[in-house]
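Peer 1: The structure's right below; bear with me while I get my questions together.
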Amino acid sequence: MSNKAIPLLSKVGGEVFNVKRFAYSDDKTWSLFNPSIGSSPQGYGITFRSSNYVILPESGELSVQTGGPIKNKVFFTETNENMELLDLREISFKDSSLNTERGVEDAKLFWRDNQWHFTGVIMERNIPAARMGVFTLDPKTSTAKLVKLYKGQGAKKPEKNWMMCYQVNKNFDFIHGPSSIVKGDEIIFSLNDNLKIAPLRGNTNLHSLNDGTYLAVVHILYTTKTRTWDGRMFGMRDGLNKDYTHLFARYDERGQLIELGNEFKFISPGIEFAAGMVEMGDDLVITFGKDDVSSHYARIPKWKALKMLVAIDD
């Protein structure tokens, strides 16, 4: 856990609101978290991740609530400027021919070429590394179709941390943290020994500021080993505490990080994953999940977010 005094977003000019805790009102075993908001000419939409596990606070282990292995579902709904969920429904992947037991994880929604798309993490049978897929979404039939599957970087690389450009950019397709840029199937590494940006990892997709630059929310993950008493085991248990902090980040047209804000938290210490960001009027709306169980969103005036940015020293 970070030993620095990290403010909540509410202390720097933002507000945070609850969205939804469970995917089904009559079933408490399926959570709803990591919402990703997107904007289209017809309005706003949100994808959600739903899973059948909870994180045990004493150890950080995943406890499956339904029996059997971990499973994931993707949900989608249209929404409005009041962030009402207008028609929440599960997305079918029957047209994608995926050989996966866990399902698609951490969908990130965006609009391109006159239709909804989202990226999602795929862990297929007999393939040791997670990979990222790009899907098209048909909201009328609630079905998704896989259109591209990227090579995984390796078993230890979290594919959900890639950030995509909403608009087509001739220089790059994705950014991963501070130094990895993808164009096509090529990973380009930008060398930078700046200690301020080395620990950054990607969150939201890249929002165009209409001046050739992009804004995103990125995060830093702090981990602390724990040793606590477990009454179920009548003994001590080793665990790992995870604490996320967030920063606004600005990238240029080549995918280089040029400005960075100060760290903040949305609600409290623990796991917070920001998966979507759009403009609504004069505000930025950021959707995020808490502790892999619940969905929330934050609003902050755009000018306040941009004012937090400071140029990166080379």
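The values are calculated or read from the model by the stated rules, or taken from the named source; none is laboratory data. The structure displayed is predicted, hence computed values, not measured ones. Reconstructed Cβ throughout: ideal geometry from the backbone, glycine too, with neighbour counts over all protein chains shown. Surface areas here come from the heavy atoms of the whole protein model, side chains and all, with no ligands, DNA or RNA. Shrake-Rupley method; radii C 1.70, N 1.55, O 1.52, S 1.80 Å.
Peer 1: Can you tell me the mean projection area, over all orientations, of the convex hull of the chain's alpha carbons? Units nm², please.
Peer 2: Projected over every direction and averaged, the Cα hull of the chain covers 16.8 nm².
Peer 1: I'd like the FRET efficiency for residue 71 and residue 15, computed as 1/(1 + (r/R0)^6) with the beta carbon distance as r and R0 of 25 Å, rounded to 0.05. Before the final figure, lay out each step's value.
Peer 2: Numbers: r = 33 Å, r/R0 = 1.34.
The formula returns an efficiency of 0.15 here.
Peer 1: Farthest toward the dipole's positive end in the stretch 51-155, which of 56, 117, 67, given Cβ charges of +1 (Lys, Arg) and -1 (Asp, Glu) about the Cα centre?
Peer 2: Highest projection toward the positive end goes to 117.
Peer 1: Can you tell me the length gained on complete extension of the stretch residue 84 to residue 148, counting 0.36 nm per residue apart and subtracting the Cα distance?
Peer 2: Difference between extended and current length: 19.9 nm.
Peer 1: Still on this structure, please answer the following. For the chain, with every protein chain kept in place, what is the accessible area per residue (1.4 Å probe, Å²)?
Peer 2: Accessible area per residue, the chain: 47 Å².
Peer 1: If each DSSP helix of 4+ residues adds -39,500 (n - 2.57) and the sum is divided by the residues in the chain, what number results at 222 nm, nearest 500 deg cm²/dmol?
Peer 2: Working: 1 runs with 6 residues, N = 314.
About -500 deg cm²/dmol.
Peer 1: Figure the gain on full extension for residue 170 and residue 213 (residue separation times 0.36 nm, minus the Cα-Cα span) and round it to one decimal in nm.
Peer 2: Fully extending the segment from residue 170 to residue 213 adds 14.2 nm.
Peer 1: Roughly how many Å² of residue 10 are accessible to a 1.4 Å probe, to the nearest 10?
Peer 2: Rounded to the nearest 10, the figure is 70 Å².
Peer 1: Run the simple label-point estimate for residue 56 and residue 302 please: 7 Å along Cα→C-beta, distance reported in nm.
Peer 2: Taking the two extended label points, one gets 4.7 nm.
Peer 1: Over the alpha carbons of the stretch 1-154, what is the largest minus smallest coordinate on each principal axis, giving the biggest first in Å?
Peer 2: 46, 41, 37
Peer 1: Suppose R0 equals 45 Å; then what is the FRET efficiency for residue 268 and residue 99 from their Cβ-Cβ distance, rounded to the nearest 0.05? Show your work: numbers first, answer last.
Peer 2: On the way: r = 38 Å, r/R0 = 0.85.
For residue 268 and residue 99, the calculated efficiency is 0.70.
Peer 1: When we measure straight from the Cα of residue 242, which lysines land under 23 angstrom away, once same-chain ones fewer than 8 places off are left out?
Peer 2: 4, 11, 20, 71, 108, 156, 157, 160, 196, 225, 265, 290
Peer 1: With θ set to phi - 60°, apply the Karplus curve 6.51 cos²θ - 1.76 cosθ + 1.60 along the stretch 97-107 and write out the HN-Hα couplings as whole Hz, x wherever there is a Gly or Pro.
Peer 2: Whole-Hz 3J(HN,Hα) from phi for the stretch 97-107: 6, 8, 9, 9, 8, 7, x, 8, 10, 6, 5.
Peer 1: Starting from the Cα of residue 131, step 7 Å along the direction of its Cβ; do the same at residue 223; then give the gap between the two resulting points in nm.
Peer 2: Modelled inter-label distance: 2.6 nm.
Peer 1: Over the chain, with every protein chain in place, what whole percent of the accessible area is carbon and sulfur at 1.4 Å, could you tell me? Could you put the intermediate results ahead of the total?
Peer 2: Details: 7350 of 14780 Å².
Summing carbon and sulfur atoms, their accessible area is 50 percent of the total for the chain.
Peer 1: For the chain, what is the charge dipole size about the Cα centre, in debye to the nearest 20, if Lys and Arg each add +1 at the Cβ and Asp and Glu each add -1 at the Cβ?
Peer 2: In total the dipole reaches around 580 debye.
Peer 1: Now for a different question. Identify the trypsin sites (Lys or Arg not before Pro) of the stretch 157-187 meeting these criteria: DSSP loop state and at most 16 other C-beta atoms within 10 Å of the C-beta.
Peer 2: Those satisfying the criteria are 170.
Peer 1: Can I ask one more? Give me the net charge for the shell around residue 16: Cβ to Cβ below 12 angstrom, other residues only, Lys and Arg +1, Asp and Glu -1.
Peer 2: Counting the neighbours of residue 16, the net charge comes to +2.
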